[in-house]
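Novice: Pasting a structure here, questions to come.
The values are calculated or read from the model by the stated rules, or taken from the named source; none is laboratory data. The shown structure was predicted, so the numbers you read here are calculated from the model rather than taken from an experiment. As a convention, Cβ positions derive from the backbone with ideal geometry for all residues, glycine included, and neighbour counts pool all protein chains shown.
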Amino acid sequence: MSQNTAQVNLKKLKPYGDIMNDGTVQLCFTLPVEPSPEAREAAIQLCEKMGYDQIKVATMEKAANGFSLFVIYGNLKHTVDFTQIHVVKVDAQKRSREEIDELIKTRIGRKLVVIGACTGFDAHTVGIDAIMNMKGFAGDYGLERYQWLDARNLGAQVLNDELLKRAVAENADAVLVSKVVTQHNIHMRDMKDLMNRARQMGLMERMIFVSGGPRVTHPLALECGFDAGFGVGTRPSDVASYIVEEFLRRRDLALLDEGAGTAPAAATVSVPAPVKRSKLAKSPIKKAASRLVGKSRIAKRPKTRASSKR
Ligand code: B12
């Protein structure tokens with residue numbers, strides 16, 4: 001890429017091929033007809049309708065009887081205003097495993113207990129394993145590898161009720177839920193059910209609830225009552241970064257609330273808007289603080305198996 005990114009017009013952003021603003025895109029799709037001049041023309045017309053011009057059919061191949069596969073280059077006419085894009089996303093600074101361990105050691109002083117499972121009838125363990133198991137995912141070690149996390153993976157097909165009972169029994173700081181199957185929106189039903197139960201059990205302030213899966217997004221997780229959601233390509237360190245930051249954020253807010261101005265200045269200015277679970281509070285800081293009034297559970301927390309294990 002020899003092009004200078006200074007030439008990018010963020011107000012009219014379009015794909016880059018080999019000349020800035022050429023809008024060049026490679027498309028690949030299958031049409032349920034045999035390869036033929038008519039099939040080629042149909043593919044071109046579809047691309048025109050999608051908003052491409054200068055369409056070049058690079059490949060038209062028989063994919064199976066009655067199917068043709070196309071690889072096509074075209075220049076997209078449309079643009080988007082990048083400066084107007086606002087995304088609801090997980091609010092946490094990405095840190096390395098070493099940095100996270102150090103932060104927990106120095107700021108919290110005990111291991112954080114993290115419990116995870118793939119819930120309901122969902123039997124897909126690979127996602128939660130990728131996040132929790134020692135070996136991790138894509139060269140990023142899993143939570144079990146963190147010295148200052150006590151990560152417990154309950155596996156798949158764990159019922160919501162069972163997961164919450166275990167979370168209470170093990171004094172969990174964070175609960176991780178994997179949802180892979182999304183047929184008939186079963187993932188959302190299960191996620192909402194879990195959070196309703198957690199609310200009834202009074203666990204919302206005590207634990208950080210995180211969900212993940214290929215079709216899970218952060219806004220969807222918020223909609224289901226979770227604190228955060230992670231999708232495709234999530235690395236264990238993304239999750240650990242969020243957990244430690246959210247834990248400290250809640251504690252700092254609780255300390256702020258109790259200390260009435262005696263907390264360090266950094267805690268007041270660096271608190272980003274907490275991830276929303278309800279729309280009740282007026283200001284994000286007040287909202288999170290109000291959830292935590294009188295609940296400095298970190299200070300009062302009894303010694304857990306995890307902390308005594310160290
Ligand atoms: C392997 C597999 C299976 C294996 C699972 C083995 C196992 N031990 O996990 C078996 C054969 C058992 C299986 C069964 C079924 N499967 Co299946 N399976 C797959 C497959 C091929 C790969 C899934 C996978 O392992 N991905 C790799 C992991 C690493 O990716 P991931 O889950 O997305 O995880 C990442 C992120 O999403 C995120 N993440 C995931 N969980 C969490 C949790 C937290 C807390 C966080 C922070 C992040 C996070 O981080 C991970 C790493 O980045 C997919 C198709 C595909 N290519 O995706 C179908 C797929 C998921 N299966 C599917 C289906 C339909 C089924 C069955 C219902 C089939 C059937 N009719 O019997 C059954 C369901 C059984 C059941 N009760 O759940 C569908 C789901 C469709 C849908 N959207 O609902 C898929 C998409 C296939 C398809 N295209 O139809 N399956």
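Novice: Is there any pair linking a residue in the stretch 47-60 that is within 14 Å of ASN75 (Cβ to Cβ) to one that is surrounded by 13 or more Cβ atoms within 10 Å (Cβ to Cβ) and of a type in the set (S, T, N, Q), with Cβ under 6 Å and at least six apart or on different chains, and which?
Specialist: ASP53/ASN75; GLN54/ASN75
Novice: Six or more apart or on different chains, Cβ atoms under 7 Å: show the pairs whose first residue is in the stretch 9-20 and farther than 13 Å from THR83 by Cα and modelled with pLDDT under 95 and whose second is assigned to a loop (DSSP other than H, G, I, E, B) and hydrophobic (A, V, I, L, M, F, W, C).
Specialist: Partner pairs satisfying both residue conditions: MET20/VAL8.
Novice: Given the criterion in contact (Cβ under 8 Å) with a residue 12 or more places away in the chain, buried (at least 22 other Cβ atoms within 10 Å of the Cβ) and under 17 Å from the mean Cα position of the chain (by Cα), identify the matching residue among VAL232, VAL177, VAL181.
Specialist: Numbers: VAL232 fails: buried (at least 22 other Cβ atoms within 10 Å of the Cβ); VAL181 fails: buried (at least 22 other Cβ atoms within 10 Å of the Cβ).
Criteria check complete, one pass: VAL177.
Novice: Looking at the stretch 21-58 only, could you name the residues that are modelled with pLDDT of 95 or more and polar (S, T, N, Q)?
Specialist: Within the stretch 21-58, THR24, GLN26, THR30, SER36, GLN45, GLN54 qualify.
Novice: Condition check: in contact (Cβ under 8 Å) with a residue 12 or more places away in the chain, within 30 Å of ARG249 (Cβ to Cβ) and under 32 Å from the mean Cα position of the chain (by Cα). Does VAL88 satisfy that?
Specialist: Details: in contact (Cβ under 8 Å) with a residue 12 or more places away in the chain: yes; within 30 Å of ARG249 (Cβ to Cβ): yes; under 32 Å from the mean Cα position of the chain (by Cα): yes.
Yes, satisfied.
Novice: Identify, please: which residue in the stretch 91-125 is of a type in the set (A, V, I, L, M) and within 16 Å of the ligand (Cβ to nearest atom) and is, among those, nearest to the chain's Cα centre (by Cα)?
Specialist: The initial filter retains those residues of the stretch 91-125 that are of a type in the set (A, V, I, L, M), namely 92, 100, 103-104, 108, 112-115, 117, 123.
This time we only want the ones that are within 16 Å of the ligand (Cβ to nearest atom), so: 92, 100, 112-115, 117, 123.
Numbers: ALA92: 11, ILE100: 18, LEU112: 20, VAL113: 19, VAL114: 16, ILE115: 17, ALA117: 16, ALA123: 20 Å.
Ranking the candidates gives ALA92 first.
Novice: Working only within the stretch 58-95, note down all residues that are out of contact with any Ser or Thr (no Cβ under 6 Å at 6 or more places or on another chain) and under 19 Å from VAL210 (Cβ atoms).
Specialist: Across the stretch 58-95, the qualifying residues are VAL87, VAL88, LYS89, VAL90, ASP91, GLN93.
Novice: Let me ask something additional. Being under 30 Å from ALA228 (Cβ atoms), out of contact with any Gly (no Cβ under 7 Å at 6 or more places or on another chain) and either in the same structural domain as VAL210 (by TED's automatic domain parsing) or without any contact (Cβ under 8 Å) to a residue 40 or more places away in the chain (or both) is the requirement here; does GLU102 meet it?
Specialist: yes
Novice: Then there's this: Do we find a residue being in contact with a helix residue (DSSP H, G or I) (Cβ under 9 Å, 6 or more places away or on another chain), away from the ligand (no atom under 16 Å from the Cβ) and of a type in the set (Val, Ile, Thr) anywhere in the stretch 63-71? Explain how you work it out, then say what you get.
Specialist: Residues of the stretch 63-71 in contact with a helix residue (DSSP H, G or I) (Cβ under 9 Å, 6 or more places away or on another chain): 68, 70.
Within this subset, residues satisfying the condition of being away from the ligand (no atom under 16 Å from the Cβ) are 68, 70.
Checking which are of a type in the set (Val, Ile, Thr) leaves us with none.
Taking every residue of the stretch 63-71 in turn, none turns out to be in contact with a helix residue (DSSP H, G or I) (Cβ under 9 Å, 6 or more places away or on another chain), away from the ligand (no atom under 16 Å from the Cβ) and of a type in the set (Val, Ile, Thr).
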